[in-house]
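What follows is a short report on a single structure.
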Amino acid sequence: IGSGLRAADAVAAIEPLLPAHNRIGMTSRADLAWAVERHAGKRGLEPIHAALPLLREGVRSRPESLLRLLLTRARLPEPIVEFPVDVGRGIVLHPDLAYPDQRIAIEYEGDGHRTSRAQWQRDVERAELLRAAGWLVLRVTATMLFGAPRALVERIRAALRVPRGAF
């Protein structure tokens, strides 16, 4: 996995393997750190070693990892992965990324969110529940993330400037 990878790519490849709030991971940060230390000096481990402090549990996809890293590289505060949001009626949602103090939820919408009718309906309901709970929901697509990352960063930066409760 490490040969020829940059740290961001290594993060994006590894994070979906880590545990999430409703799934057991295939590995852990501690296991990865042990393996990197055990095989120190071997070819291809540099990106994985560089990725270790950047890894976060709960990330479900490569684009979510890349989005989080894009925001931190743009010197925005690091969003929290899968922050639990109580939206009432005993329902707790976990947006992909969140800025809890500003009540901003960021949801990455991959193609499965567009092509699956059931997923699309769940996404609409989730967004409405989050909005009703007072959260601003920012939906991000591949075109935004990979085609216009600067505009995406500025959109999120602008949302962070809006006083809490003003939306």
### Task
Run down Ala105, Ala98, Ala133 and say which single residue is farther than 29 Å from Thr27 by Cβ and either open to solvent by less than 60 Å² (accessible area, probe 1.4 Å) or of a type outside the set (Phe, Trp, Tyr) (or both).
Ala133
### Message
Can you list residue pairs whose Cβ atoms sit under 8 Å apart, with the first residue in the range 118-138 being under 13 Å from Ala98 (Cα atoms) and in contact (Cβ under 8 Å) with a residue 40 or more places away in the chain and the second being open to solvent by 50 Å² or more (accessible area, probe 1.4 Å) and not in a helix (DSSP H, G or I)? Count only pairs 6 or more apart in sequence or on different chains.
### Response
Trp135/Arg103
### Task
Go through the residues of the range 119-128 one by one and say whether even a single one is part of a loop (DSSP other than H, G, I, E, B) and either out of contact with any Gly (no Cβ under 6 Å at 6 or more places or on another chain) or open to solvent by less than 30 Å² (accessible area, probe 1.4 Å) (or both).
no
#### Entry: Residues satisfying the stated conditions in the range 80-104, i.e. of a type in the set (Val, Ile, Thr) and either closer than 16 Å to Glu15 by Cβ or part of a loop (DSSP other than H, G, I, E, B) (or both)
Ile80, Val81
### Message
Can you tell me which residue is farthest from Asp9 (Cα to Cα) among those in the range 27-51 that are open to solvent by less than 30 Å² (accessible area, probe 1.4 Å) and in a helix (DSSP H, G or I)?
### Response
Val36
### Summary
Those residues of the range 84-124 that are within 19 Å of Arg157 (Cα to Cα) and either within 11 Å of the chain's Cα centre (by Cα) or of a type in the set (A, V, I, L, M) (or both) come to a total of 9
### Message
When the residues of the range 53-68 are narrowed to those that are assigned to a helix (DSSP H, G or I) and open to solvent by 30 Å² or more (accessible area, probe 1.4 Å), which ends up nearest to Ala148 (Cα to Cα)?
### Response
Arg62
## Note on the structure
Given the conditions (1) open to solvent by 30 Å² or more (accessible area, probe 1.4 Å); (2) assigned to a loop (DSSP other than H, G, I, E, B); (3) within 24 Å of Ala158 (Cα to Cα); (4) free of Cβ contacts under 8 Å to residues at least 60 places away in the same chain, every one holds for Pro77 apart from (4)
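The values are calculated or read from the model by the stated rules, or taken from the named source; none is laboratory data. Keep in mind that this is a model prediction, so the values were computed, not measured. Don't worry about glycine lacking a Cβ; one is built from the backbone with ideal geometry, like all the others, and counts go over all protein chains shown. The protein model used for the area step is the full one, side chains on, heavy atoms only, and it has no ligands, DNA or RNA in it. Shrake-Rupley method; radii C 1.70, N 1.55, O 1.52, S 1.80 Å.
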